[in-house]
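Quick notes on the structure that follows.
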Amino acid sequence: QVQLVESGGGLVQAGGSLRLSCAASGTIFSINAMGWYRQAPGEQREFVAQITSGGSTNYADSVKGRFTISRDNAKNTVYLQMNSLKSEDTAVYYCNAVIRTGVTVPFQYYWGQGTQVTVSS
C-alpha cells in the first residue's frame, strides 16, 4: 500500500505565502514524477506543477514565477512553495506521484487526500 499525505494548507491573506508538503510512504520501489493539482469549488481539477525524478520542473502558466516545486528524494517528499498568493489560488490542493511498488510492477498514479488553501482578499 502507498499513501500520500499532504500538509501545510491553511488561510492566508492575498500576497502572502504558504508551503505545502506531501510525503509518500508504504511499499515504494521507486518514484518517478511528483506533482500538485488543485480543484476550486465547482471547477475541474487542474494541473499546477510537476517535478521529475531528475529535477526537471513544469508549471501551469497561472502560477509561473510565483510557485516553486521541489522534492527530497531521500524523504520521498515533494514541496510546493507558494508566494504572492491570489484569491484565485483558493482551492483544495492534491499531491500526485507516479510510483512503482516493485521491480516488476508497472508505475501507477497515486493521489493524496487534499489540503485546503484559502486566500482572502
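What residue, among those in the range 78-107 that are within 27 Å of PRO41 (Cα to Cα) and polar (S, T, N, Q), is least open to solvent (accessible area, probe 1.4 Å)?
Among them, the one singled out is ASN96.
Where residues in the range 63-77 are basic (Lys, Arg) and either under 13 Å from the mean Cα position of the chain (by Cα) or open to solvent by 50 Å² or more (accessible area, probe 1.4 Å) (or both), which of them is farthest from PHE29 (Cα to Cα)?
If we take residues in the range 63-77 being basic (Lys, Arg) and either under 13 Å from the mean Cα position of the chain (by Cα) or open to solvent by 50 Å² or more (accessible area, probe 1.4 Å) (or both), then LYS64 is farthest from PHE29 (Cα to Cα).
Which of the residues spanning the range 49-62 are open to solvent by 50 Å² or more (accessible area, probe 1.4 Å) and in a strand (DSSP E or B)?
Matches in the range 49-62: GLN50, THR57, ASN58.
Hey, any hits in the range 106-117 for a residue that's part of a loop (DSSP other than H, G, I, E, B) and at pLDDT below 95?
Yes: the range 106-117 contains one or more residues that are part of a loop (DSSP other than H, G, I, E, B) and at pLDDT below 95.
Could you check, for the range 63-79, whether at least one of its residues is touching a Cys at 6+ places or on another chain (Cβ under 8 Å), farther than 18 Å from GLN1 by Cβ and not polar (S, T, N, Q)?
Yes, the range 63-79 has at least one match.
Taking the range 44-56 as the region of interest, how many residues are over 12 Å from the mean Cα position of the chain (by Cα) and within 10 Å of ARG71 (Cβ to Cβ)?
3
Run down GLY35, GLY54 and say which single residue is modelled with pLDDT under 95 and either touching a strand residue (DSSP E or B) at 6+ places or on another chain (Cβ under 6 Å) or of a type outside the set (Asp, Glu) (or both).
That would be GLY54, the only listed residue that is modelled with pLDDT under 95 and either touching a strand residue (DSSP E or B) at 6+ places or on another chain (Cβ under 6 Å) or of a type outside the set (Asp, Glu) (or both).
Within the range 1-43, how many residues turn out to be more than 16 Å from the chain's Cα centre (by Cα) and either open to solvent by 30 Å² or more (accessible area, probe 1.4 Å) or not aliphatic (A, V, I, L, M) (or both)?
14
When the range 25-48 is examined, which residues are found to be farther than 15 Å from THR77 by Cα and either touching a Lys or Arg at 6+ places or on another chain (Cβ under 8 Å) or not in a strand (DSSP E or B) (or both)?
TYR37, ARG38, GLN39, ALA40, PRO41, GLY42, GLU43, GLN44, ARG45, GLU46, VAL48
The values are calculated or read from the model by the stated rules, or taken from the named source; none is laboratory data. Bear in mind that the values here come from a model prediction, so they are computed numbers and not experimental data. Every residue, glycine as well, gets a Cβ built from its backbone with ideal geometry; the counts of neighbours run over all protein chains shown. SASA here: full protein model, heavy atoms, side chains in, ligands and nucleic acids out. Shrake-Rupley method; radii C 1.70, N 1.55, O 1.52, S 1.80 Å.
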